[in-house]
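These notes are about the structure you will find just below.
The values are calculated or read from the model by the stated rules, or taken from the named source; none is laboratory data. Note that the structure is predicted; figures quoted are calculated from it, not measured. Quick reminder, even Gly has a Cβ in these numbers, built from the backbone with ideal geometry, and neighbours come from all protein chains shown. When the accessible area is computed, the model is the full protein with side chains, heavy atoms only, and any ligands, DNA or RNA have been set aside. Shrake-Rupley method; radii C 1.70, N 1.55, O 1.52, S 1.80 Å.
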There are 2 protein chains.
Amino acid sequence: MDVLLDEPEISIRRQRRLSEKECTQHLMPIQDALYVLSGKWKLPIIIALRDNNRRFGEIQRAVTGITARVLSKELKELEMNEFVVRKVYPTTPVTIEYALTGYSDTLDAVIIALHDWGVQHRDRILKRTERA
Amino acid sequence: MDVLLDEPEISIRRQRRLSEKECTQHLMPIQDALYVLSGKWKLPIIIALRDNNRRFGEIQRAVTGITARVLSKELKELEMNEFVVRKVYPTTPVTIEYALTGYSDTLDAVIIALHDWGVQHRDRILKRTERA
DNA sequence: TGGGGCACTATCCTGAAGTATACTGCTATC
DNA sequence: GATAGCAGTATACTTCAGGATAGTGCCCCA
């Protein structure tokens, strides 16, 4: 529902929080960060890897619903971002393993922040629908 | 580049970090959080609003490149998520103002985490391309 | 009286993300 | 000899976020 008030606040401007330049400078890194995490599968794959799934087939079974084509593409992207290493062992036939890198751990703070916010948001939504 | 090793690590499993159930429980809130922030425009709009842009036209001019159609749609979504209120003043013609809610401030921790990670990631990428 | 700003909506279109299905060459197992 | 698993690739399709363009009714200003 919209809020109806008597007088526009347009004249009662709050103090500026950030200059336009500061804002843009803040925006770009955030979008970079969002970019590497967005999409339907990146986080599920990372979580499957954290759960010690290493082989292509294992990961595909852990991340239910993903097709081989998409998993292959996503793993390549995660590898490019250095979150994942692809290890090839000269067995016959070759054994291939994927593993998270140490760099992937730098995402922890982000993941925790997103998680915490998501939990309280979910809670809030639930309470809102209960009230209604 | 792939890494070549002598022996598969498949037997040398690291300790489990999270059970599968725990993982899924962690995943959903994260996806919820990502959902409300992802897309090309949500964050730029939030930042424009923080910068005290309140009128539709003001916001559109601040968020360069966005069309009225998309801005309208995004503002509705932000309103549904209770990050934004739409205030209607009974002037002639009606004056409409958008403003961030207190709830939008709960995103601060998430935005800061994403920002910090984004900054160091950018740095890392730059250094990598310099090296090459 | 005609042009512009206001806050939008309607219609159509494009491109990127994701899906479905089939196929590869290799080996191990029934 | 047939079937299944391994780690994918190839081709074709669908879906949907977002973009382009035009137009709404209202008012103000020259």
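The charge dipole of region B:20-101, taken about its Cα centre with unit charges on the Cβ of Lys, Arg, Asp and Glu (plus for the first two, minus for the last two), comes to roughly 420 debye. Per residue, the accessible area of region B:20-101 comes to 48 Å², computed with a 1.4 Å probe over protein heavy atoms only. Placing a label point 7 Å from Cα along the Cα-to-Cβ axis, A:THR92 is separated from the same position in the other copies by 9.2 nm, shortest listed first. In Å² (nearest 100), what accessible area is buried between B and A, both sides summed, heavy protein atoms only, 1.4 Å probe? Between B and A, the summed buried area is about 6900 Å². When B:LYS40 is represented by a point 7 angstrom out along its Cα-to-C-beta vector, the spacings to that point in the other copies are 2.1 nm, nearest first. Across region B:98-114, computed HN-Hα scalar couplings (Karplus, 6.51 cos²θ - 1.76 cosθ + 1.60, θ = phi - 60°) run 10, 8, 5, 8, x, 4, 4, 5, 5, 6, 3, 4, 5, 4, 5, 4, 4 Hz from first to last residue, x flagging Gly and Pro. Take A:ILE96: with every protein chain present and a 1.4 Å probe, its accessible area is about 40 Å².
Its residue count N fixes a reference of 2.2 N^0.38 Å for region B:20-101, and the Cα radius of gyration divided by that reference is 1.32.
Accessible area, 1.4 Å probe, largest first: how do B:LEU49, B:LEU126 sort? Please list the in-between numbers first.
Working: B:LEU49 5, B:LEU126 100 Å².
Order by accessible area, largest first: B:LEU126, B:LEU49.
Among the protein heavy atoms, those of B:VAL94 account for about 90 Å² of accessible surface (1.4 Å probe, every chain in place).
Taking 7 Å steps out from each Cα toward its Cβ at A:ARG86 and A:TYR103 produces label points 1.5 nm apart. Projecting the Cα atoms of B:GLN31, B:ASN81, B:ALA48 onto the charge dipole of region B:20-101 (Cβ charges, centred on the Cα centre) puts B:ALA48 farthest toward the positive pole. Across identical copies of the chain, A:GLU79 has label-point separations of 4.8 nm, listed in ascending order, with the point defined 7 angstrom from Cα along Cα→Cβ.
Chain A holds its axis-closest Cβ, relative to the rotation onto B, at the residue and whole-Å distance A:ALA113, 2.
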